[in-house]
Every structure is written in structure tokens, then in C-alpha cells.
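Trainee: Structure in C-alpha cells, see below.
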Amino acid sequence: MIRSFFLLILLTNVVVLKAQDRSLYEKFQFIQNGDTLPYRILLPENYDSSKSYPLVYFLHGRGESGRDNEKQLANGSAMFLSDSVRKQYPAIVVFPQCSATSYWSNVHTIADAKGKRSFYFVADGDASLPMKLLLSLSQNLEVRYKIKKDQVYVMGLSMGGMGTFEFVRRKPGYFAAAVAICGGANPATASAVRKTKWWIFHGAKDDIVLPEHSEKMQAALKKAGATVRYTVYPEANHNSWDPAFREPGLFRWMFAQRLVK
């Protein structure tokens with residue numbers, strides 16, 4: 001009985017370690033005109049280069065910015081390493097890393113004397129350098145891998161949630177579905193992203209990125225005729241990605257979406 005118990009503990013630890021083996025995300029750097037975008041890529045189990053796979057982008061938040069090609073895996077990467085997800089939803093998963101001196105989107109940020117930030121989303125303007133590199137990387141990935149063109153998805157949290165809206169806007173007709181967590185965008189851009197199906201999450205007590213930003217976007221998307229789901233967690237603050245990642249139907253919903261040209 002004792003032996004069986006310790007064997008169970010050992011097997012559990014092996015499963016946990018396997019699920020947390022972030023080294024499965026291979027390191028790359030995308031370089032264009034001397035500028036560099038670090039990124040990690042996870043290929044499906046038993047990857048077959050002759051087959052086509054769905055493609056998922058995950059955009060991290062401000063705290064994971066930098067150039068170490070490590071921190072961007074802090075949130076979200078473990079989901080894609082679980083055995084159930086890898087077996088049910090084999091996909092190519094990409095985690096790019098934004099530089100610490102920029103943002104995924106060209107949002108304007110105002111900080112008061114106490115450091116409290118406010119966000120003002122613009123409807124147009126040039127893309128930030130990390131977004132420009134990400135757009136070029138997306139073209140590069142299409143050349144290097146066989147991708148199911150009707151199954152390209154993007155997820156992002158906080159700054160990455162803002163970047164999710166912008167990534168979709170700058171590649172219209174490309175993403176089948178998008179998951180934006182505690183982010184935001186200018187409601188005037190809703191018509192440009194209406195062909196993508198959306199699931200938006202926010203914490204009702206978020207005092208970093210106010211929930212009104214997601215509220216306004218989901219309302220604008222619905223008005224524009226988009227398919228959108230909106231989930232608010234009443235007790236969550238900024239880290240609403242924790243309950244969002246635990247949504248039992250998240251991956252089932254996302255991978256069920258297909259882009260209709």
C-alpha cells in the first residue's frame with residue numbers, strides 16, 4: 001500500500017514536470033533590418049512537416065517584456081503543454097516577446113504624479129516596432145510551416161490583450177478567433193475586426209486596465225455585427241487571466257472557430 005502511494009506521487013510529479021517543461025518551446029530570434037523580435041515556438045507532438053496545423057499566437061503583458069526570450073512564457077505557456085491540450089488540439093504555438101521600451105499596440109499611456117496610468121487608444125497611426133516585427137514574423141511563419149489558413153488564432157493579456165485587438169486590425173481577414181484578456185482598443189476600430197470571432201475577459205475590480213475598456217469594445221463589436229462573448233469576473237482584479245485560463249470551454253471554443261473568407 002505504501003509502495004503504491006509513493007509510486008502514485010512519483011508519477012504525479014513526472015506529469016507535472018512534463019507539463020512545466022518550457023524548454024519544449026524552442027528559442028528563435030526574428031531579425032529584420034537590424035531589429036530583433038525574440039520568440040518561442042512550440043510544435044505539436046510528433047510534428048509532421050508534411051501536415052498542416054492550426055497556428056496560435058500568444059501576446060504577453062507588460063511585466064514579461066524584455067529581450068531574454070524567457071519571461072514571455074510566464075503566463076499561458078503551461079496550458080499548451082498539458083497532455084490533454086496537446087492531444088486534442090495539436091497546433092503550432094508562438095510566444096513573441098515585446099521589448100521593454102515599447103508596446104504591442106500604439107496606445108497612449110499617461111501617468112500621474114503617483115504613477116497611476118491611464119490608457120488612450122488610437123484608431124490609426126503607425127504600428128509600434130514590436131508590432132511591425134510581429135507582422136513580418138507572421139509572414140515568415142507562413143513560409144516556414146504548413147498552416148491551416150482557416151485556423152489562425154491570437155490570445156493576449158493586459159498589454160497583450162491590447163495587442164490582440166491591434167494585431168487583428170492590422171491583419172484583417174486572417175484570424176478565425178481572438179481572445180483578449182484585460183485589454184482594450186478604440187471602439188472605432190470594431191468594424192475593422194468584426195470578421196474575427198471574439199471572447200473578451202476582464203476582472204470587475206481591475207484598477208490597472210479599467211474594465212470599461214473591454215466593455216466599450218464588446219459593445220462596439222456587437223454593434224458592428226461581430227460574434228463576441230464577454231466574460232466578467234466579479235471578484236477579479238487585473239489578473240483575470242487566471243480564471244480565464246481555467247475556463248473549461250476556452251480551447252474547445254477557440255479551436256472550433258473557422259475563418260470564412
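Trainee: When the convex hull of the Cα atoms of the stretch 23-256 is projected onto a plane and the area is averaged over all directions, what value comes out in nm²?
Mentor: With every direction weighted equally, the projected area is 12.4 nm².
Trainee: Turning to a different aspect of this structure: Explain nothing, just compute: Karplus ³J(HN,Hα) = 6.51 cos²θ - 1.76 cosθ + 1.60, θ = phi - 60°, for every residue of the stretch 166-173 in order, whole Hz, x for Gly and Pro.
Mentor: With the stated coefficients, the stretch 166-173 comes to 6, 4, 5, 5, 7, 10, x, x Hz.
Trainee: May I ask which residue of 79, 133, 174 lies farthest towards the positive end of the charge dipole of the stretch 23-256, with charges of +1 (Lys, Arg) and -1 (Asp, Glu) on Cβ and the Cα centre as origin?
Mentor: 174
Trainee: Can you tell which of 177, 74, 220 shows the greatest fluctuation in a Gaussian network model of the chain with Cα springs below 10 Å?
Mentor: 74
Trainee: Hey, which aspartates and glutamates would be in cross-link range of residue 71, C-alpha to C-alpha under 16 Å, not counting anything within fewer than 8 residues on its own chain?
Mentor: The qualifying aspartates and glutamates are 21, 26.
Trainee: Here's something else I'd like to know. Give me the number: length gained by fully extending residue 231 to residue 212, i.e. 0.36 nm times residue separation minus the C-alpha to C-alpha distance, one decimal in nm.
Mentor: In short, 5.6 nm is gained.
Trainee: Between beta-carbons, use under 14 Å as the cut-off and find the net charge around residue 68, counting Lys and Arg +1, Asp and Glu -1.
Mentor: After counting each charged neighbour, the total is +3.
Trainee: Classify the stretch 172-218: rounded, prolate or oblate, from the alpha-carbon gyration tensor (a ≥ b ≥ c, eigenvalue square roots; a/c under 1.5 rounded; otherwise prolate if a/b is larger than b/c)?
Mentor: prolate
Trainee: Connecting C-alpha atoms closer than 10 Å in a GNM of the chain, tell me which of 160, 125, 203 has the biggest fluctuation.
Mentor: The residue with the greatest mean-square fluctuation here is 125.
Trainee: Given a 10 angstrom Cα cut-off, can you work out which residue in 232, 56, 154 is the most mobile in a GNM of the chain?
Mentor: Per the Cα network of the chain with a 10 Å cutoff, 232 tops the list.
Trainee: Please list, in chain and number order, the residues 5+ apart from residue 240 or on another chain whose amide H is under 5 Å from its amide H, with Hs placed from the backbone.
Mentor: 203
Trainee: May I pose another question? Grab the beta carbon distance between residue 83 and residue 142, set R0 = 22 Å, and tell me the FRET efficiency rounded to 0.05.
Mentor: My answer for the efficiency is 0.20.
Trainee: Set the bar at 20 Å for Cα to Cα. Now go through 171/195; 116/222; 149/197; 195/223; 148/195; 27/148 and name every pair that lies beyond it.
Mentor: 116/222; 27/148
Trainee: Cα centroids of the stretch 216-230 and the stretch 186-200: how far apart, whole angstrom?
Mentor: Cα centroid of the stretch 216-230 versus Cα centroid of the stretch 186-200: 7 Å apart.
Trainee: Right, another one. About the Cα centre, and with charges only on the beta carbon of Lys, Arg (+1) and Asp, Glu (-1), how big is the dipole of the chain? Nearest 20 debye, please.
Mentor: So the dipole magnitude of the chain works out to roughly 700 debye.
None of the figures in this text is laboratory data; all of them are computed from the coordinates on show. Not measured: the values here are computed from a predicted model. Cβ coordinates were reconstructed from backbone atoms using ideal geometry, including for glycine residues, and neighbour counts include every protein chain displayed.
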